[in-house]
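Accompanying notes for the structure given below.
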Amino acid sequence: MALLTIGYEGSEIGDFVSVLKAARIDILIDVRDLPLSRKPGFSKNSLKKNLESSAIEYRHTKVLGDPKEGRLAARSGDRRRFERIFRDHIANEVARKTIREIAEQSETKNICLMCFEREHKDCHRFIVCEEILKNRNIQIKHIGVPKGFCLKAA
């Protein structure tokens with residue numbers, strides 16, 4: 001089993017779910033602080049419904065979401081501040097326990113961490129992956145959603 005990450009930026013919900021199915025994802029872990037989106041299909045309840053119809057479990061883990069100050073720092077291009085804010089945010093036992101649990105579960109299930117940004121290095125999920133690697137030596141793969149994937153996969 002493996003741990004994957006994905007961003008939905010620029011994606012359509014059908015393509016997104018098709019990519020997850022093709023990757024044989026068992027559990028999608030939403031690491032957004034606020035699981036809302038202006039993009040149709042990507043807000044928590046709608047996303048959960050779309051995933052469940054494809055036999056993919058949805059979990060929102062607010063504890064691993066980037067807080068507002070971190071998002072603002074990232075948007076302004078202050079990478080150092082963004083990373084410091086997020087690392088401070090997850091420097092507590094609840095976040096550490098959640099990270100350990102994800103690492104353990106990825107040994108028996110295909111798990112995918114999801115946020116908005118297409119590029120994992122532009123997103124806090126990259127830092128979550130670094131923390132997971134401190135607990136386990138597991139394979140981490142960053143996947144994306146090609147435009148029109150749903151049509152090609154059909």
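Of note:
- Close contacts from segment 45-70, counting a first residue that is within 16 Å of ASN110 (Cβ to Cβ) and of a type in the set (Phe, Trp, Tyr) and a second that is modelled with pLDDT of 95 or more and not in a helix (DSSP H, G or I), with Cβ to Cβ under 6 Å and a gap of 6+ residues or different chains, come to TYR58/LEU28.
- Scanning segment 2-53 for residues that are on the phi < 0 side of the Ramachandran plot, in a loop (DSSP other than H, G, I, E, B), surrounded by fewer than 19 Cβ atoms within 10 Å (Cβ to Cβ) and over 13 Å from the mean Cα position of the chain (by Cα) yields ALA2, GLU12, ALA23, ASP26, LEU36, SER37, ARG38, LYS39, PRO40, SER43, SER53.
- Being in contact with a Ser or Thr (Cβ under 9 Å, 6 or more places away or on another chain), under 23 Å from LEU47 (Cβ atoms) and modelled with pLDDT under 95 holds for only one residue in ARG125, ARG136, ARG118, and it is ARG118.
- Any hit, segment 78-92, residues being basic (Lys, Arg) and out of contact with any helix residue (DSSP H, G or I) (no Cβ under 9 Å at 6 or more places or on another chain): no
- Here SER53 clears all of (1) more than 19 Å from ARG118 (Cβ to Cβ); (2) in contact with a Ser or Thr (Cβ under 7 Å, 6 or more places away or on another chain) except the condition numbered (2).
- Looking only at segment 54-65, residues that are of a type in the set (S, T, N, Q), over 11 Å from the mean Cα position of the chain (by Cα) and crowded, with 17+ Cβ neighbours inside 10 Å come to 0 in all.
- Yes/no for LEU113 being touching an Asp or Glu at 6+ places or on another chain (Cβ under 9 Å) and closer than 20 Å to SER18 by Cβ: yes
The values are calculated or read from the model by the stated rules, or taken from the named source; none is laboratory data. Model, not experiment: these values are computed from the prediction. Backbone-built Cβ (ideal geometry, glycine too); neighbour counts: all protein chains shown.
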